[in-house]
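Beneath this line is the structure, given in structure tokens, with notes to follow.
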Amino acid sequence: QVQLVESGGGLVPPGGSLRLSCAASGSIFSFVAMGWYRQAPEKQRDLVARINSGGEANYADSVKGRFTISRDNAKNTVYLQMNSLKPEDTAVYYCNALFQLRIGGPIYNYWGQGTQVTVSS
């Protein structure tokens, strides 16, 4: 069974930094992409950053230049380094993974349980 376990959320003052981690466990053959989404109260869940199997990353315009997504293939882990945090970055952050369990198999779409990030003085 595949699981995504997130960590690293918390309370940070404006201008501060946090690093989120998402570790995938289970018999995963290959990842298509891994990424981070966020959802603020009463708002939809939006893409923050994503990195594909080729290592190409894309970011929401609102976080470009402040957030960096990276991955450790050996650990099946994706990270989100968040710098210069703003109050509007406050949200629940969800890890997402697109992966295959076997060659030519279907692509599965899994979500982590979410981790709260609060930016406030």
Item to check | Condition met for Leu80 (of a type outside the set (S, T, N, Q), within 19 Å of Val119 (Cα to Cα) and crowded, with 18+ Cβ neighbours inside 10 Å) | outcome: yes
Checklist entry - If you take the residues of the range 83-121 that are of a type in the set (Phe, Trp, Tyr) and surrounded by fewer than 20 Cβ atoms within 10 Å (Cβ to Cβ), which of them is nearest to Gln44 (Cα to Cα)? => result Trp111
Next on the checklist: Among the listed residues Gln39, Gln100, Gln44, identify the single one that is farther than 18 Å from Val5 by Cβ, polar (S, T, N, Q) and without any contact (Cβ under 8 Å) to a residue 12 or more places away in the chain.
Outcome noted: Gln44
Checklist entry - Counting residues that are closer than 30 Å to Arg102 by Cα, which strands (runs of 3 or more DSSP E) fully inside the range 1-87 reach at least 3? => result 3-7, 18-25, 30-39, 46-52, 57-59, 67-72, 77-82
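Bear in mind that the values in this text are calculations on the coordinates, not laboratory data. What you see is a predicted model, and the numbers here were worked out from it, not measured in a lab. Please note: Cβ atoms are built from the backbone with ideal geometry, for glycine as well, and neighbour counts cover all protein chains shown.
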